[in-house]
Every structure is written in C-alpha cells, then in structure tokens.
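Notes follow once the structure below has been shown.
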Amino acid sequence: MTEPVRLSKRMSELGLCSRREADEWIEKGWVRVDGAVVSVLGSKVLPHQKVTVERQASVEQSQRVTILINKPMGFVSGQAEDGYKPAVTLVNAESRWPEDDADMQFHPRQLRSLVPAGRLDIDSVGLLVLTQDGRIAKHLIGEDSDVDKEYLVRVKYTRPGKLPEHDLKRLNHGLIMDGKPLKPAKVEWQNEDQLRFVLREGKKRQIRRMCDMVGLKVIGLKRIRIGGVKLGDLPTGQWRYLRPDERF
C-alpha cells in the first residue's frame, strides 16, 4: 500500500510552492484535494489524489519578488548576528541599480518574508539571492538542488613553492569534509593568484575550508554566478529584480 503524506509536503513535491506557503494556503482555504477544499493543517493525501490551488494563490505567488544583490563585505546573508547587519537592510528604493529595467516599482511590502536563498559569509562578496518565492528557495538550496555556483577566489599559497598539480586535482575531486566526500567541483587557475571555483553544493565556508586543506589562504572571495543568472555589472551594495526571462 502507498502511505499517505502531509498535504504540504505533497504540494512541495509537485512544485506548487514551498511547505510554508502550502500551510498558509491551506489555512486560507485555497487548496483542494480531488475537488474538495482542505483547510486543516496536517491533513494527509495519497499520491494519486489530485491537488489543485485556487486562483488567489497563483496571483499572490506571481506578486512575490526575487532580488539579486551584490553583497559587500561586513554584511551577513540572513539574520543579524554579532552586531553585523543582514544584507536585506541594503534593499530600499535608493539602492536599486539605476540600470535595472524590470517593470516593477519598489514597495516596502516586498521586504516581508524576503529571505536569502543560500549563504554568502560575512567576508565574501558578490551575488546573493533574496526571494519571497518558496519555489525558488527550494530550487536553489533544497536537498536535491544541483544548481551550480561560480566563484572567483584570490589565494596565497602558505607552503614553499607553488601549489602542486595533485593538490589542484584534489580541489576538483577528492577532499573530505565533515566526514563525507565532497561532490566533484571544477577548480582552475584564472591567473597566478586567482582560482575559479564552480560548485554544486554549499557547505558552510566550504571554499575557504577546501583551500585550507591544500595550504591555500583565501584573500578574497566573490560569487559571480548562480545557475544561469550572473552578477554582471551590478555595483557593490546595489540590487535589481530578477527578470522574467532569467532562469537559475
């Protein structure tokens, strides 16, 4: 027999929304199972049952924004910590990139439930995604996400001579972190003191820890791409809306 699952989990699996959004929609009476409204949190469904949402849910979802920001040093990605401000505090009408051609007006309500879809630590700069859309957050940071992220990393070798070729190969594949092998990465020299990293996972301070394992000290780290979305010419400390034609 097929076991029933929570309705919110099933909605997330179907790509309708995030689990948090699903719970909100269920409470509002916007969700139907086999045509009948289900408004009780924790309700369960069988995989073969048809789940649909009311038009209000789709309209609300379409109004949710996704913002790209070029995070400067000294800001944390999420909640404020140790006196440092979160990157979302940089999002206001004045700091919007003047060259952003998205047909949208900024409104403070867009800051409500605007959360980072992935980390960029306090000492790192570059592309950070803030979104109100649970589907995008799940796509970028969900357990099964395979969206790649590209970084430029300035380094200094702390041992005699130059980084051996076999250690560069270990950066590409062969390192173990937190007791588990890292997924294959793409790591190559851009110039004599800068590496280009392309990763498909995002453990905490992963690049800095990887570099440390082979005797490299990270001097600077900048994320320049997430999937199909590039940082481009977006200035430090400014932001723009994700365009309708852009896909992660």
- request: Obtain the nm distance between the two label points defined at Leu14 and Lys169 by a simple spin-label model: each point lies 7 Å from its Cα along the Cα-to-C-beta direction.
  value: 5.0
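Charges only on Cβ, +1 for Lys and Arg, -1 for Asp and Glu: so what's the dipole of segment 94-239 about the Cα centre, in debye to the nearest 20? Walk me through the numbers before you get to the answer.
Details: 28 positive and 22 negative charges, 134 e Å.
Here the size comes out at about 640 debye.
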query: What lysines sit close enough to Lys222 to cross-link, taking a C-alpha to C-alpha distance under 24 Å and skipping anything fewer than 8 places away on the same chain?
result: Lys71, Lys85, Lys138, Lys149, Lys156, Lys162, Lys169, Lys183, Lys186, Lys203, Lys204, Lys230
field: Rh by Kirkwood over Cα pairs, then Stokes-Einstein D for segment 1-84 at 0.692 mPa s and 37 °C, µm²/s
entry: 221
message: What FRET efficiency comes out for Arg243 versus Thr2 if R0 is 51 angstrom and r is the Cβ-Cβ distance? Round to the nearest 0.05.
response: 0.80
query: 222 nm [θ] for the chain, helices only, -39500 (n - 2.57) per DSSP H run of 4+, per residue, to 500?
result: -5000 deg cm²/dmol
- prompt: Out of (i) -0.21; (ii) -0.44; (iii) -0.31, which label holds the value of log10 I(q)/I(0) by the Debye sum over Cα atoms at q = 0.07 Å⁻¹ that was computed here?
  reply: (iii)
field: Within the chain: Cβ-based charge dipole about Cα centre, in debye rounded to nearest 20 (Lys, Arg +1; Asp, Glu -1)
entry: 600
- prompt: For a label point 7 angstrom out from the Cα of Ser58 toward its Cβ, which stretches of segment 112-145 have the backbone nitrogen within less than 19 Å?
  reply: 133-136
- request: Can you pull the one-decimal nm distance between simple spin-label points at Ile176 and Lys203, each 7 Å off the Cα toward Cβ?
  value: 1.1
- request: Let me have the relative contact order for segment 69-185, percent, based on Cα pairs under 8 Å that are six or more residues apart.
  value: 21
task: Of the options Leu182, Gln110, Val229, report the single residue whose Cα projects farthest towards the positive end of the charge dipole of segment 76-231 (beta-carbon charges: Lys, Arg +1; Asp, Glu -1).
output: Leu182
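Laboratory data are not the source of any read-out in this text; all were calculated from the coordinates shown. Everything numeric in this text was worked out from a predicted model, so none of it was measured. Please note: Cβ atoms are built from the backbone with ideal geometry, for glycine as well, and neighbour counts cover all protein chains shown.
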